[in-house]
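Step one of this worksheet: look at the structure below.
The values are calculated or read from the model by the stated rules, or taken from the named source; none is laboratory data. Small disclaimer: the values here were computed from a predicted structure and weren't measured. All Cβ positions, even for glycine, are placed from backbone atoms using ideal geometry, and neighbour counts span all protein chains on display.
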Amino acid sequence: MGFTAARSLLIDALLSGRFQHEERRDLERKNLLAVGDVSAEFVIGLLKACRGNQYKASPYHFDARILCHEFKPVSAGQAWYVKAYFLSSDAVFISVHR
Amino acid sequence: MHLWKEGDRSEAICRACEKRVTTRFAVRGYTLQESQVEVPDLLVAVCDECGGIVAIPAQSSPRLKEARERRKAESLEAKIPSHLDDVIHLLAERFATAVAAFRPDLLRFYLGEVISDAPFAERVKALAASELAEGRARMRISLRAPEDMLGAARDAARSVGILTDADLIRGILVAAKEDVLEGMTPERALRLSGAAQAEGALRAAMT
């Protein structure tokens with residue numbers, strides 16, 4: 001799955017509500033979408049602002065069959081970090097933060 | 001928008017089991033670890049193997065946001081220069097009381113003054129802009145107080161142009177230094193000593 005496909009699927013998940021957030025101890029700092037500090041619409045904007053050279057995919061360390069998609073867009077002069085993967089038809093966000 | 005229901009099945013990565021697992025959505029109490037904000041009755045995904053919470057569905061985010069906002073309304077946090085934290089220690093020493101217990105009482109007392117005394121609120125604004133209020137904000141100070149009290153204090157502060165909690169706290173602490181340590185306002189110092197005495201102070205401040 002390349003950048004365009006990954007981004008498109010993630011945007012679809014955000015639009016449809018078919019996404020979850022991976023539980024983590026530092027959820028409030030590392031996943032602003034999960035705690036409502038940013039909206040799904042805002043994250044869609046970040047993804048749309050992302051260029052191909054601001055994206056990479058790598059195997060998830062807990063399960064190498066799962067690809068983690070990392071996006072590092074710059075929006076309004078701020079660098080953001082979005083990390084997510086797909087399980088079945090749902091997206092799972094690990095990180096959404098500056 | 002898609003909605004999950006209790007009992008629905010899904011999948012997730014369980015960090016405790018360190019693998020991909022099947023999950024079941026359940027309503028559980030959930031605690032945000034960093035802020036320790038407790039969120040009752042949250043729909044979460046539970047690992048079928050270890051029973052731990054492994055994921056939070058999108059639809060639960062508004063409840064998390066609401067719980068955090070409720071906590072924010074009940075607490076005031078600011079970063080202040082270390083020399084202003086020294087003021088709290090000096091006042092506690094003056095009142096012969098433990099600083100940990102005295103700190104919130106001091107802040108609540110002065111927030112009450114800001115609420116009830118408009119000229120004092122103006123003075124706090126001026127002191128927040130004074131040289132003594134400046135400095136690198138190294139110390140984090142936080143206060144839990146009833147939501148209506150914090151709301152009233154913030155309203156009173158905003159009405160005189162104090163725009164941030166940090167400025168409010170800085171101005172209050174400079175005022176406390178003047179009132180007690182410089183003997184500028186003996187009447188207020190005496191009332192503050194009463195609040196300190198409630199925490200077991202041995203003597204009133206010298207005026």
Within the stretch B:2-16, work out how many residues are among the acidic types (Asp, Glu) and either assigned to a loop (DSSP other than H, G, I, E, B) or exposed (fewer than 14 other Cβ atoms within 10 Å of the Cβ) (or both).
-> 2
Complete set of residues in the stretch A:13-47 that are touching a Lys or Arg at 6+ places or on another chain (Cβ under 8 Å) and either among the polar types (S, T, N, Q) or free of Cβ contacts under 8 Å to residues at least 60 places away in the same chain (or both) = A:23, A:28, A:31, A:35, A:36, A:37, A:47
Evaluate the following for residue B:137: is it under 17 Å from residue B:86 (Cα atoms), under 18 Å from the mean Cα position of the chain (by Cα) and modelled with pLDDT under 90?
-> no
If you check B:54, B:39, which single one turns out to be in contact (Cβ under 8 Å) with a residue 12 or more places away in the chain and in contact with a helix residue (DSSP H, G or I) (Cβ under 6 Å, 6 or more places away or on another chain)?
-> B:39
Based on what the data block shows, is residue B:170 modelled with pLDDT under 95 and either in contact with a strand residue (DSSP E or B) (Cβ under 6 Å, 6 or more places away or on another chain) or outside any loop (DSSP other than H, G, I, E, B) (or both)?
-> no
Positions within the stretch B:155-189 being in contact with a Pro (Cβ under 9 Å, 6 or more places away or on another chain) and either free of Cβ contacts under 8 Å to residues at least 24 places away in the same chain or within 16 Å of residue B:119 (Cβ to Cβ) (or both), in sequence order = B:179
A careful count of residues in the stretch B:132-144 that are crowded, with 18+ Cβ neighbours inside 10 Å and touching a Ser or Thr at 6+ places or on another chain (Cβ under 9 Å) gives 1
Checking residue B:141 against (1) part of a helix (DSSP H, G or I); (2) touching a strand residue (DSSP E or B) at 6+ places or on another chain (Cβ under 7 Å), the condition it does not meet | (1)
Would you call residue B:23 under 20 Å from the mean Cα position of the chain (by Cα), within 14 Å of chain A (Cβ to nearest Cβ) and assigned to a strand (DSSP E or B)?
-> no
Please indicate, with yes or no, whether at least one residue in the stretch B:61-68 is in contact (Cβ under 8 Å) with a residue 12 or more places away in the chain and among the hydroxyl-bearing types (Ser, Thr, Tyr).
-> no
